[in-house]
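The values are calculated or read from the model by the stated rules, or taken from the named source; none is laboratory data. None of the values given here were measured: they were computed from a predicted structure. Glycine gets a Cβ as well: all are built from the backbone with ideal geometry, and neighbour counts include every protein chain shown.
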Amino acid sequence: MDSTRPALRLFVFHHAGGSHLLYRAWPSRLPGSWDVRLMDAPGHGRLLDLPYITDARRLADFFVRRIEPELTCPYAFFGHSMGGLVAYEITRLLAARGRPLPVWLGVSGRAAPRPADLPSPRHALPDSELQTHLELLGGTPDEVFDNPALWARFAPVIRADLQLAETWRPDPDAGPLPVALSAYAGREDHFVPPRDMAGWQEHTERFLGLTVLDGGHFYFQDDPGPLLAHVGRDAAAALAGAGPARSR
């Protein structure tokens, strides 16, 4: 056995308006035998020089082209909010192309696809209303709202990502994914409440359960430990081919 080959390669996809930075402590807090890759969408983080992509399927294609050379060992996806949608679309795209699939998909803070999913177009709100929404949602540093120059820099990124998330529509012919899937929610998340996360059970052939943790939409921001403990267990169970876990 190749000792340099990771037991699992985990790709982590960030939320709308975010980057890899919120997740930068994750590699050191997940199993040492894993290779944790923190991804940035174009126009974010390490890819600031690239133009935004405002279509979820185009963004999925972008990521597939980036990660395909790295799919040389068992791998998995985790995505929060917009990142959960992107991870789902990447998995569907890989399945459509007949590529090896992830052993596990973790979706956090993103409601399960619904045919009549018509969210409010927050990406087109006036600045003041958009700022109010983001403050309630959490996850955006206060200095972004307090500093006009910072807001001018970040507002286009946030609007582009919200446009992607709000204009995406599920494929009505999409069947359940042949991939183990876990869902995660914040108990006090009023934007994506746990009941909206439970629907992910219908989109996978092997549902490993819904885990509800204390906090709002960014329930893991201050302390990712509880979430990462579940991610570690769930992904390891999927990798081992264990039976479905109970909802908790």
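Consider segment 133-166 and keep the residues that are surrounded by 13 or more Cβ atoms within 10 Å (Cβ to Cβ) and not in a helix (DSSP H, G or I). The one that is nearest to the chain's Cα centre (by Cα) is Gly139. Of all residues in segment 167-192, those satisfying the criterion of being outside any loop (DSSP other than H, G, I, E, B) and within 12 Å of Val212 (Cα to Cα) are Ser182, Ala183, Tyr184, Ala185, Gly186. Taken over segment 193-213, residues that are farther than 23 Å from Ala236 by Cα and either part of a loop (DSSP other than H, G, I, E, B) or of a type in the set (Ser, Thr, Tyr) (or both) amount to 1.
Please enumerate the residues belonging to segment 216-237 that are outside any helix (DSSP H, G or I) and surrounded by fewer than 18 Cβ atoms within 10 Å (Cβ to Cβ).
Gln221, Asp222, Asp223, Pro224 - these are the residues of segment 216-237 that are outside any helix (DSSP H, G or I) and surrounded by fewer than 18 Cβ atoms within 10 Å (Cβ to Cβ).
Please verify whether segment 65-77 includes one or more residues that are on the phi > 0 side of the Ramachandran plot and not β-branched (Val, Ile, Thr). The answer is no; no qualifying residue exists.
Please count how many residues of segment 32-41 are part of a loop (DSSP other than H, G, I, E, B) and surrounded by 17 or more Cβ atoms within 10 Å (Cβ to Cβ). Looking only at that region, the number is 2.
Restricting attention to segment 66-84 and to residues that are assigned to a helix (DSSP H, G or I) and surrounded by 24 or more Cβ atoms within 10 Å (Cβ to Cβ), the residue that is modelled with the lowest pLDDT turns out to be Met82.
Say we look at segment 90-104 and pick out the residues that are in a helix (DSSP H, G or I), out of contact with any Pro (no Cβ under 9 Å at 6 or more places or on another chain) and without any contact (Cβ under 8 Å) to a residue 60 or more places away in the chain; which of these is farthest from Pro42 (Cα to Cα)? Ranking the qualifying residues of segment 90-104, first place goes to Ala96. For segment 92-121, the set of residues classified as at pLDDT 95 or above, surrounded by fewer than 24 Cβ atoms within 10 Å (Cβ to Cβ) and under 23 Å from Trp34 (Cα atoms) consists of Leu94, Leu101, Val103, listed by residue number.
Check whether at least one residue in segment 74-91 is charged (D, E, K, R) and under 22 Å from Thr140 (Cα atoms), and report yes or no. No.
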